Amino acid sequence: MNVPLLDLKPQYQALREEIRRVMDEVCDAQAFILGPRVEQFENEMAAYCGAAGACGVTSGSDALLVCLMLENIGAGAEVITSPYTFFATGGAIARTGATPVFADIDPASFNLDPAAVARCITPRTRAIMPVHLFGQTADLGPLLELAAKHKLVVIEDACQAIGAEYRGRRAGSVGDYGCFSFFPSKNLGGFGDGGLVTVRDPARLALLRQYRNHGMEPRYYHHHIGGNFRLDALQAAVLSVKLKYLDGWTAARQANAADYARRFAVSPAAAQVGLPAVLPWCTRHVYNQYCIRLPAAKRQTVWDGLRAAGVGCEVYYPVPLHLQPCFASLGGKPGDFPESERASVETLALPIYPETTGDQRQFVVDTIARQL
Ligand SMILES: *Cc1c(COP(=O)(O)O)cnc(C)c1O
């Protein structure tokens, strides 16, 4: 049995006609940059996320970057984030000239531990960038309290968490900004790269629209040094179609996660496999990834065994950011963030995409049990 980590083809087959129709409309109009398709998708996303507004951009990475640029965060500033995330979170901070300051994660949720964040705040801190890893929101309440007390901006990295909820509020609508990615492997994936920023304060929307287009308003009058961070009409058209199906796909991911839990519970592997926990503050987990924990000494064996059996799996992420070579100048060393380091050697992501079957999950569970 072959179980890929992700297979986008069945989803495309189901929506092929609908998607090709809107792509044809964009091609016939030959209007590709921004325009009504992008505006429509922005309005749909703002409504979906419960945000005051949304601004389509080129990628999730650029979404993070443009928020920092708009806040004038650069050299001399510090931004606190998690070392256990995709590189883009720390990379965006460093690209502005600011210093990424890492705070360790809470091991149950894999997300920023607010107590660790509190210990990192200095007079130079300008922002907190919580990451909603794997589809579960960080514990935003205490982070917002810290932000209010120290006048910090909160930029949610919601790239893996579209539609996730923190105490009933959608990811991206709780902090000052929410950053989303439409990289094809995200829960809402485009036909290429794309991203979006949601805002809580509508005053920031007009500025974001300027920043994504070289700070220009009107044409050839530049108020800020922004960049070309524009979402294109083809991506927006595809994403508008797919957004209508997102809740169905999310429900399937949640059902698949519950099904894994039932199958692991009665497996001989049960005692050695740590299943993902849904924390009380996360009222909607959207399972962009389903990451189990294994004994560190056995992860490679399990990984190899799954691969040999035709099961796709992946380690997110094998090296925490404070140990990445490009951040060596920050002085990070092993032992600095024990929970992030432990997660990086224990976790393994299993296939969770909507179209997987119960038989496939049983095969994954059985294959893992044979390796332990
Ligand atoms: C995917 C991802 C990003 C970057 O998104 P891109 O669209 O690939 O630039 C940033 N942060 C996290 C946590 C992500 O998962």
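The values are calculated or read from the model by the stated rules, or taken from the named source; none is laboratory data. All values derive from a computational prediction rather than experimental measurement. Cβ: placed from backbone, ideal geometry, glycine included. Neighbour counts: every protein chain shown. These area figures cover heavy atoms from the full protein model, side chains too; ligands, DNA and RNA do not enter into them. Shrake-Rupley method; radii C 1.70, N 1.55, O 1.52, S 1.80 Å.
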Hydrodynamic calc, the chain: Kirkwood Rh from Cα pairs, then Stokes-Einstein at 10 °C with viscosity 1.306 mPa s, so D in µm² s⁻¹ is 75 µm²/s
Sparse-neighbourhood loop hits (trypsin sites (Lys or Arg not before Pro), segment 90-147; DSSP loop; Cβ within 10 Å at most 16 others) -> ARG124
Rounded to the angstrom and largest first, Cα extents along the principal axes for segment 246-371 equal 47, 34, 24
Highest GNM mean-square fluctuation among ILE128, ILE19, ILE352, for the chain with Cα springs under 10 Å, belongs to ILE19
If one builds a Gaussian network model of the chain from Cα atoms under 10 Å apart, the most fluctuating residue listed among CYS55, CYS313, CYS179 is CYS313
Between LEU279 and ALA148, the two model label points (7 Å from Cα along the beta-carbon direction) sit apart by a distance in nm of 1.9 nm
From the cross-link list LYS151/LYS186; LYS186/LYS333; LYS186/LYS242; LYS298/LYS333; LYS149/LYS333, the entries with a Cα-Cα span beyond 20 Å are LYS151/LYS186; LYS186/LYS333; LYS298/LYS333; LYS149/LYS333
Largest fluctuation, GLY227, GLY76, GLY310 only, Gaussian network model of the chain with Cα springs under 10 angstrom, belongs to GLY76
Measure of exposure for GLU314: accessible area at 1.4 Å probe, Å² rounded to 10, is 70 Å²
Pseudo-spin-label distance SER329 to ILE225, built 7 Å along Cα→Cβ, given in nm, is 1.7 nm
Under the 7 Å Cα-to-Cβ spin-label approximation, ASN2 and CYS120 lie apart by a distance in nanometres of 4.2 nm
FRET efficiency (ALA47, ALA252; Cβ distance; R0 22 Å; to 0.05) is 0.50
